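The values are calculated or read from the model by the stated rules, or taken from the named source; none is laboratory data. The shown structure was predicted, so the numbers you read here are calculated from the model rather than taken from an experiment. Cβ placement follows ideal geometry from the backbone for every residue including glycine, while neighbour counts extend to all protein chains displayed. The accessibility values were calculated without ligands, DNA or RNA, using every heavy atom of the protein model including side chains. Shrake-Rupley method; radii C 1.70, N 1.55, O 1.52, S 1.80 Å.
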Amino acid sequence: MAADVSLTRFLYVDHGGVVRGKAAATARLAERIESGIGHTRAMMAMSMMDELAQVEGMGPVGEVRIKPDISTFVALPYAPRAAAMLADQVNPDGSPWDGCARTFLKQAIAELAGDGYELQASFEPEFSLGRHEGASFTPIDESLCYSATGFHLAHDYTIDLVDALIEQGLEVEHYYPELGHGQQEVPIRHAPALRAADNHVLLRETVRAVAIRHGLWASFAPKPLPEQAGNGAHLHASLWADGANAFADPAGRFGLSAVGYHFLAGVLAHLPGLVALTCGTVNSYRRLAPQMWSGAFACYGPDNREAALRICSPIGSLGSVNLELKPVDSTGNPYLALGAFIYAGLDGIRRSLSPGEPVLVDPAALDSSERERLSVVRLPSSLRAALDALEADSFLMSALGPLRSTAYLAVKRSELEHFRIHDAEHECRQHWLKF
C-alpha cells in the first residue's frame, strides 16, 4: 500500500452501468478491508438517473458491505494521495450477496473452470474527447479516422492518459484517433476474465479523470452525438486449457477449433438477450444498427466487421486466434456482460451447438431469403426489445439468479420510462454526462 495515501476508493459497478463507491480513510483502512464499508442494498436498484426502481429486497431495509479485493489495489496517478480497489458486495456475515455483479462474473469463471477452461479477454473501448460547455458537448477536433492530425491534437492528453494507465498496471496495446470527431481508442492487453473487467473499470475512471485535469470531458456514451460514429467496447476473448489456446486449431476452418465453434454457437443462440447486458442503455441502440460496424445481425464470419461475432485472424502465431463480440459498449456493466458471455459460450460447448454457415459479406446486403437460409436475424433494435429477449431467455435469467435478474430488468425499464417522455437531445446529453 502506498504510504502517502489518505483515501482509498472501494469501487463497484451498478445495474445502471455507473461506477460508484465509497472511500476509506487510511487510519481505518485495514479494518475496512476486513469488514467492508456499510452500504444500502437499494443502490443496486438505482438507475443512471439516480431514480430508485422498486425491487423487493433492495429498498430502505437491509445492508450489504462493499468489500475490496486487495489484489486490485492501485494508487491513482490522476488523484494525488488517493488509491482504489475494485470491490464485491457481500452480506454482513461476509457471504456473497446475490445482487453483486462482480460476484456473478466470479461464479461464471468458476463454472468455466469446472469444465477445464479459463477465459482470457479484453475490451476495446472507444470514447469521445471534447469540452463540456453548459448543456453542450463539443469534440476536441474534427480530424479524420486514424489521421496524423488526430494524433497531434490529442497528444498531450493521450500521453498523460497512457502514463496513468501504465502506472496502474494496465498494459496499453495501442492507441489511435477513431472515425468520429474527437473519438479515441485505447485497448488494454488481454487478461484473465475478472482482471479484464476490473481493467475496464479502471480505464473508464482514468480516461474521465485525466480529461478533467486537462480541462476536457471524456464520454463513453454509445452515441453522445447522434450524427457522429458511436462508441463501442468490442469484447475479444479466447478459451485456454493446460496453457494452450483452446480456440486455436490450424486444421480448423479459419483456424478455429471445434470447441471454439461450439462456444461461438452458444453466444449466437443467446445473443438477443445477451445484448441487453452488453449494450445496456437506451442510447446503445442508436449505435447498434446495420452498416455501422457494430454487429447488428446475429451471425458470424472471418474478419467480418458487420457480423456480431468475428473470428479474428491470428496475429503473430496461429495460437492467437480469438473471437470478437461487436455489440458491446461501455454502458453495460462489464461484470454482467462478461459473465453472461461466458455462460452463453459454455452452454454452446456443453450442448455441442453448431453456429451454421459463416457470413462472408455485409449481412445488411443479403436479401431476406438468403438471411433466412443462413439463419441471420436482426438483433434487438431497442433496449425495450433487448430486455424482453433477456426475460424470455430462461437460461440467462437462471444464470443471473432471481434477485440480480429482477433488479436489472427493473432498473433498465425505469430508464426506458424516463427517456420515453424526453427527446433525443436530453437522452444524448444525459448519456455523455453519465458515461
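Observations on the model:
- Of the helices (runs of 4 or more DSSP H) lying entirely inside the stretch 335-435, those containing at least 1 residues that are aliphatic (A, V, I, L, M) span 383-392, 394-400, 402-420, 424-434.
- Exactly one residue out of Ala251, Ala269, Ala229, Ala237 is surrounded by fewer than 22 Cβ atoms within 10 Å (Cβ to Cβ), at pLDDT 95 or above and either under 18 Å from the mean Cα position of the chain (by Cα) or not in a strand (DSSP E or B) (or both), and it is Ala269.
- Val64 being more than 28 Å from Phe220 (Cα to Cα) and assigned to a strand (DSSP E or B): yes
- When we screen Ala246, Ala209, Ala193 for residues that are out of contact with any strand residue (DSSP E or B) (no Cβ under 7 Å at 6 or more places or on another chain), aliphatic (A, V, I, L, M) and in contact (Cβ under 8 Å) with a residue 40 or more places away in the chain, the only hit is Ala209.
- Annotation note: of Asp388, Asp393, Asp362, the sole residue that is acidic (Asp, Glu) and either in contact with a Ser or Thr (Cβ under 8 Å, 6 or more places away or on another chain) or under 27 Å from Phe435 (Cα atoms) (or both) is Asp388.
- Residue that is among the hydrophobic types (A, V, I, L, M, F, W, C), closer than 21 Å to Pro334 by Cβ and in contact (Cβ under 8 Å) with a residue 40 or more places away in the chain, where the choices are Ala75, Ala84: Ala84
- Of Glu34, Glu56, all but one fail to be in a helix (DSSP H, G or I) and not basic (Lys, Arg); the exception is Glu34.
- Asp4 surrounded by 19 or more Cβ atoms within 10 Å (Cβ to Cβ), acidic (Asp, Glu) and in contact (Cβ under 8 Å) with a residue 24 or more places away in the chain: no
- Any pair with Cβ under 7 angstrom, 6 or more apart, that starts in the stretch 39-58 at a residue that is within 23 Å of Ala24 (Cβ to Cβ) and ends at one that is of a type in the set (A, V, I, L, M, F, W, C) and open to solvent by 10 Å² or more (accessible area, probe 1.4 Å): Ala42/Leu52; Met46/Leu52
- Residue match in the stretch 376-384 (condition: charged (D, E, K, R), farther than 18 Å from Ala308 by Cβ and open to solvent by 30 Å² or more (accessible area, probe 1.4 Å)): yes
- Within the stretch 356-371, if we keep just the residues that are among the charged types (D, E, K, R) and under 23 Å from Arg253 (Cα atoms), the residue that is most open to solvent (accessible area, probe 1.4 Å) turns out to be Glu357.
- Number of positions in the stretch 315-355 that are open to solvent by 10 Å² or more (accessible area, probe 1.4 Å) and among the aromatic types (Phe, Trp, Tyr): 1
- Verdict on Gln89 being at negative phi, surrounded by 22 or more Cβ atoms within 10 Å (Cβ to Cβ), modelled with pLDDT of 95 or more and not hydrophobic (A, V, I, L, M, F, W, C): yes
- For the stretch 256-291, a residue qualifies if it is hydroxyl-bearing (Ser, Thr, Tyr) and closer than 13 Å to Pro222 by Cα, and the qualifying residues are Thr278, Thr281, Ser284, Tyr285.
- Among the conditions (1) over 21 Å from Pro380 (Cβ atoms); (2) surrounded by fewer than 24 Cβ atoms within 10 Å (Cβ to Cβ), the only one that Asn304 does not satisfy is (1).
- Of the residues making up the stretch 400-426, those that are surrounded by 19 or more Cβ atoms within 10 Å (Cβ to Cβ) and within 18 Å of Pro222 (Cα to Cα) are Lys412, Glu415, Phe419.
- Residue tally, condition part of a loop (DSSP other than H, G, I, E, B), of a type in the set (A, V, I, L, M) and surrounded by fewer than 17 Cβ atoms within 10 Å (Cβ to Cβ), over the stretch 144-178: 1
- Counting the residues of the stretch 272-294 that are open to solvent by 10 Å² or more (accessible area, probe 1.4 Å) and not in a helix (DSSP H, G or I) gives 6.
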